[in-house]
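The values are calculated or read from the model by the stated rules, or taken from the named source; none is laboratory data. The structure presented is a predicted model; accordingly, all values stated were derived computationally and were not measured. Cβ placement follows ideal geometry from the backbone for every residue including glycine, while neighbour counts extend to all protein chains displayed. Quick note on the areas: whole protein, heavy atoms, side chains included, nothing else; ligands and nucleic acids left out. Shrake-Rupley method; radii C 1.70, N 1.55, O 1.52, S 1.80 Å.
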Amino acid sequence: MKADFKNKSYKAWGMEGYLVSEPVFVAAPSAGSEDDGVVLTALLSDDPSKKPHSLGILDARDLKEIGRAEINVDMTGSVHGMFVRNI
């Protein structure tokens, strides 16, 4: 979720069938604004036998997915840093 307190608005991102981990912001090398960069987040699949875990790459400005790397390993979720979209 990205909140704009000045304009009293927010944007949320989630994916059906995945638990989304705590996001990590990576600024662009020559960032011109505070949200110029990408957001990285681990996506844990609710059924890894049908769809693999992934690393999601989102544009930090609008939270649109711009890339994904599938991770074909056995991963288990933890309570820390995992979120379920409820919006």
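Whether any residue in segment 25-34 is surrounded by 12 or more Cβ atoms within 10 Å (Cβ to Cβ), at pLDDT 90 or above and among the acidic types (Asp, Glu) is what I want to check. Checking segment 25-34: not a single residue is surrounded by 12 or more Cβ atoms within 10 Å (Cβ to Cβ), at pLDDT 90 or above and among the acidic types (Asp, Glu). For beta carbons closer than 8 Å, sequence separation of 6+ or different chains, a first residue in segment 37-55 that is on the phi > 0 side of the Ramachandran plot and modelled with pLDDT of 85 or more and a second that is surrounded by fewer than 16 Cβ atoms within 10 Å (Cβ to Cβ) and outside any strand (DSSP E or B), the qualifying pairs are 37/28; 37/31. Considered as a group, the residues in segment 67-84 that are over 11 Å from the mean Cα position of the chain (by Cα) and open to solvent by 100 Å² or more (accessible area, probe 1.4 Å) include one that is modelled with the lowest pLDDT, and that residue is 79.
Please go through segment 6-26 and give me each residue that is farther than 24 Å from residue 71 by Cβ and part of a strand (DSSP E or B), ordered by number. Listed by number, the residues that qualify are 9, 10, 11. Screening residue 58 against (1) at pLDDT below 95; (2) under 23 Å from residue 71 (Cα atoms) leaves a single unmet condition, (1).
Filtering segment 41-56 to residues that are open to solvent by 50 Å² or more (accessible area, probe 1.4 Å) and assigned to a strand (DSSP E or B) leaves only 55. A residue that is in contact with a Lys or Arg (Cβ under 6 Å, 6 or more places away or on another chain) and touching a residue at least 24 places away in the same chain (Cβ under 8 Å) occurs somewhere in segment 11-20.
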